[in-house]
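Novice: Before anything else, here's the structure in question.
Nothing in this text is a laboratory measurement; each read-out follows from the coordinates by a stated rule. Quick caveat: nothing in here was measured; it's all calculated off a predicted structure. So basically every Cβ, Gly included, is an ideal-geometry build from the backbone, and we count neighbours across all protein chains shown.
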Amino acid sequence: MVNGLTSANLGPPDYKLALRQHEAYREALRACGLKVICLDADDEHPDSTFVEDVALLTPRCAIITRPGAPSRRGETESMEPVIRELFSVVERVEAPGTVDGGDILMTGDHYFIGLSGRTNAEGARQLIQILESHGLSGSTVPLADVLHLKSVVACIDDDLLVVGEALAGRAEFSNFKCIRVECEESYVANCLWLNGTVLVADGYPKTKTAIETRGYQTIILDVSEFRKLDGGLSCLSLRF
């Protein structure tokens, strides 16, 4: 992972500290009532700890994505056999489409798809077509100056979003209640709602308090070493 892609300019990650942070993350998932499946290390792909990007797992099918960074496309090869053991229906995004899972925000049966440097219009078109074939729906959200859609917005509960300033007030989210994240806490917009508890990155007290004021319990996690690789809480797992 120390050789992973990054634009954060925060220095190289401390590998041993990252291992401890990842263990704490897995324990937090278990504390929220999840069963955790841990995969073997993929030494050929330094970004492969961010497993969210290589697939979308819905209640009705799994979809293998085609990551936007060419160096990451081989990650799907080791992930697909694992997914096929868990899902009877597996679909796929094909070239020239590209999709990163970090650009897909699930809100009930509807999926928002960020159009970013990693997810293109053709990938989004294919993804929406697959979703609709399984009775689900999708729509696109044009992005600028952010890596992924879920870098700046998270869904906690069916009608409540945590939204960073970069997407605050956007028409696409007009039907949702929103917790607005101030600019200095923008990283914490990538939080994770699991069975009524919200995992929140350490160091962002205003947003943490705003989430708790809405009646949610929080678990605070330090993911500093993954932030150095542009990653966050949602990136480190595939939930289903």
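Novice: Looking at the chain, send over the antiparallel percent of its DSSP beta bridges, to the nearest 5.
Specialist: 40 percent
Novice: Just order 31-41, 169-179 by mean Cβ neighbour count inside 10 Å, highest at the front, would you?
Specialist: For the peptides 31-41, 169-179, the packing ranking is 169-179, 31-41.
Novice: Under the rule of at least 5 residues apart or a separate chain, name every residue whose amide H is placed under 5 Å from the amide H of Ile156.
Specialist: Close amide H contacts, sequence-distant or interchain: Leu161, Val162.
Novice: I've got another one for you. Report ³J(HN,Hα) in whole Hz for each residue of segment 87-100, in order, from the Karplus equation J = 6.51 cos²θ - 1.76 cosθ + 1.60 where θ = phi - 60°; Gly and Pro get x.
Specialist: 10, 7, 10, 10, 9, 8, 8, 10, 4, x, x, 10, 8, 9
Novice: Now a separate question. Assuming a ≥ b ≥ c are the square roots of the Cα gyration tensor eigenvalues, decide whether the chain counts as rounded (a/c under 1.5), prolate (otherwise, with a/b larger than b/c) or oblate.
Specialist: Since a/c stays below 1.5, the shape of the chain is classed as rounded.
Novice: Search the structure for amide H atoms under 5 Å from the amide H of Thr218, placed 1.01 Å from N in the peptide plane, and list their residues when 5 or more places away or on another chain.
Specialist: The answer is Val198.
Novice: A further question on this structure: Tabulate in residue order the Karplus-calculated ³J(HN,Hα) for segment 116-129, using 6.51 cos²θ - 1.76 cosθ + 1.60 with θ = phi - 60°, rounded to whole Hz; enter x for Gly and Pro.
Specialist: With the stated coefficients, segment 116-129 comes to 10, x, 10, 10, 9, 5, 5, x, 5, 4, 4, 4, 4, 4 Hz.
Novice: Hey, what do the phi angles of segment 201-211 turn into as Karplus ³J(HN,Hα) couplings, whole Hz, using 6.51/-1.76/1.60 and θ = phi - 60°, x for Gly and Pro?
Specialist: 5, 5, x, 10, x, 5, 5, 4, 5, 4, 5
Novice: While we're looking at this one, here's another question. Rounded to the nearest 5, what % of the DSSP beta bridges within segment 129-195 are antiparallel ones?
Specialist: Percentage antiparallel, nearest 5: 40.
Novice: Right, next: Taking H as built 1.01 Å from N, whose amide H comes closer than 5 Å to the amide H of Leu115, not counting residues under 5 places away?
Specialist: Val141, Leu143
Novice: Could you tally up the Lys pairs in the chain with alpha carbons closer than 21 Å? Skip any pair fewer than 8 positions apart unless they're on separate chains.
Specialist: Final tally of qualifying lysine pairs is 7.
Novice: If you don't mind, another one. Relative contact order for the chain using alpha-carbon pairs under 8 Å, separation at least 6, rounded to a whole percent?
Specialist: Contact order relative to length: 21 percent.
Novice: Please report the antiparallel percentage of DSSP beta bridges with both residues in segment 1-114, rounded to the nearest 5.
Specialist: For segment 1-114, the DSSP antiparallel bridge percentage is about 75.
Novice: Okay, moving on. Using +1 on the beta carbon of Lys and Arg, -1 on that of Asp and Glu, and nothing else charged, what's the dipole of segment 1-113 about the Cα centre, debye to 20?
Specialist: Charge dipole, segment 1-113, about its Cα centre: 280 debye, nearest 20.
Novice: Moving on to the next point. Rank by packing, highest mean first: peptides 127-133, 113-119, 194-200, with packing defined as the count of other Cβ atoms within 10 Å averaged across residues.
Specialist: Descending packing order for the listed peptides: 113-119, 194-200, 127-133.
Novice: Using label points projected 7 Å from each Cα along Cα→Cβ, tell me how many nm separate Asp43 and Ala8, to one decimal.
Specialist: The modelled label-to-label distance comes out at 2.5 nm.
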